[in-house]
Every structure is written in structure tokens, then in C-alpha cells.
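Structure first, then comments.
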């Protein structure tokens, strides 16, 4: 546990072993009506870590002569590594769970969680989340759900912790249900997976949306006095404007690359697996799901804009140019200016 900003604490959780470790940041905004943002993992060790951290934070604040009551907990989005600790915070710490409506199917039950990741899209997407993978990862990763007593919140809702205003923003893209918390006074954004300091935020089917993601990044640039982003993975983003602008440019560059490869393929078109092989020629099979996500999401964007068409009659979807006059620069400007 570390106080990463005045009255804002970070609890770093890690699961796995040896080289295969995975970490997430949980943030506690301490004070009267305090908030836990993202709840971490559902393992016994991580749940005990959270219980201890909340007690320690409360004790530390009280020792400073400050009243502290951690009252709420919310997840930035419905991925297992962000919400699996909610049930423990509700049952053992007595916290009120908050969520936007779009998060409910994922965090409330195993059945609706798995259904939320089902899709009837192309072969490449169905292969991405197989039913077998879905059922196996729930017990393996100690995914826990919150079946009841969830209070619904909305985009732009405001929460007061002591005399500090924290505002909720629904910023989809990484997933459909992403939310962030912003404190204008301190210029601090609790950003979930929206933007990370040193790596690209993961995008992939079936819930990521490139256009929505770029719009969300552009929106963050408009927040008044934003100085620091505290992401759910890795270290703080201390240069938010520069980092977000870089992320937007990176996504555009990748889109240009995909579009160029489809154009180069001509009337024959290019299959999804061919595109993947160009970008990752020596990839291990177990890395396919992780690395292919952004390619899939980028192709979906180009199909939706009418620039590219998709033929799914073959084992792998084949992509061809459908609008040779498509102007990516114009389309991108429209995304970031809306």
C-alpha cells in the first residue's frame, strides 16, 4: 500500500508464478464516503490484502485527525481482473457496490458474464473466445461475481469524498462499459485500462471498438487541468496530453498499415491469418489471442466505415478494398473532433 497522491492510495496486486505474473492496481480514495476504484483479483491472498489495506488506510487517516469511512467500490469495466474482488468488498468490508448498467451482465453472474463475450461474428472472432476457454478461466483465475445489491450509477454522476468532487465518465472503447473517475481539483484521473504509461491498451473482440476508443482518448484531452492519470496497470502517466496524443497517433498509424496491406492485396484480398503473419511472423500459438486483437478491431473499424469489405466464406475472413476513395485522414479528424 502506498499513498500515491494526497488521500489516494494504491494497492498493487499480483497473481501467477515465475515469469507468468500479472498485476493490477487498486485505488482507494480515502475520506468520508471513500471509494475503492477497481477491486483486483478474487484470490484469497488478494482479498485478505484488500481487507488489511482498508483497515490500514482508515487507521492512517484517523491518526492524522481525519475522519475516514470507505463506503463505495466500483470497477472500471467488466474484465475479470478488475471486478473479481468486488464480492469480498461487499461481504467482508460492507461496501456498497456501484456500477453502470452496461457493467451488470459481466459482474453479476457467470452465465451473463460468459454470454456477454459470445458473438456471431466472423470465424476469427468466434475463435477468439471459445466456450471452453470461458468456462476454464473462471475457476482458474478465481473470478467472483456480485449477484445482488448493486447500485446503478450513470455517466457524469458526482461523488463527494470529504470536500473533493469525483466525477464519473463513461468512456467506452477498450470495452463497452469502461468508466473513469476524475478529480478536477487535483487534476487526477483514475483511468482503468483507457491509457497506460508504457504499453498500448489492449483492444480485441468482441467488445473493443476502435472509433469509440479514439473518441474517448480525445475526450480526456478536453478535461480541464488534467495533470496525472492513475491507470489500473503499470505506473502513473505523468504527461497525459503527450501520452494520449501519442496513443491516438499510434492507432492511426496501425490503421494506415492495415489499410495499406489490404490495398496492396488487390482483387485477391488478404486473409486475417496473412495479416497476422505479416505483423507477427514468429509468434507462439499461445500469444495469438492477445496479439491479434488490435488487428481484428482495426479491420472492424475499416469495414464499418465502408473502406473495406469482409468475405467470410473461407476458413479465414478475407478483406478487400470496397471504397478506393476512402480518406483515413478525414475520417480520423472526424473522430477526434466530435
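Looking at this structure, is residue 274 free of Cβ contacts under 8 Å to residues at least 60 places away in the same chain, farther than 23 Å from residue 213 by Cβ and assigned to a helix (DSSP H, G or I)?
When the stated conditions are applied, residue 274 passes them.
Mind checking whether some residue in region 324-335 is part of a strand (DSSP E or B) and crowded, with 17+ Cβ neighbours inside 10 Å?
No, the conditions are met nowhere in region 324-335.
Working carefully through the options 195, 179, find the one that is in contact (Cβ under 8 Å) with a residue 24 or more places away in the chain, crowded, with 18+ Cβ neighbours inside 10 Å, assigned by TED's automatic domain parsing to the domain that holds residue 73 and within 28 Å of residue 45 (Cβ to Cβ).
179
What are the residues in region 316-338 that are touching a residue at least 40 places away in the same chain (Cβ under 8 Å) and more than 27 Å from residue 273 (Cα to Cα), if any?
Residues satisfying the conditions are 335, 336, 337, 338.
Report, ordered by the first and then the second residue, all pairs with beta carbons closer than 9 Å, sequence separation of six or more or different chains, a first member in region 1-24 that is at positive phi, and a second member that is part of a loop (DSSP other than H, G, I, E, B).
7/30; 7/31; 7/66; 7/68; 7/162
The values are calculated or read from the model by the stated rules, or taken from the named source; none is laboratory data. This one's a predicted model, so the numbers in the text were calculated from it and none came from an experiment. FYI the Cβ positions are ideal-geometry reconstructions off the backbone, even for glycines, and counts take in every protein chain you see.
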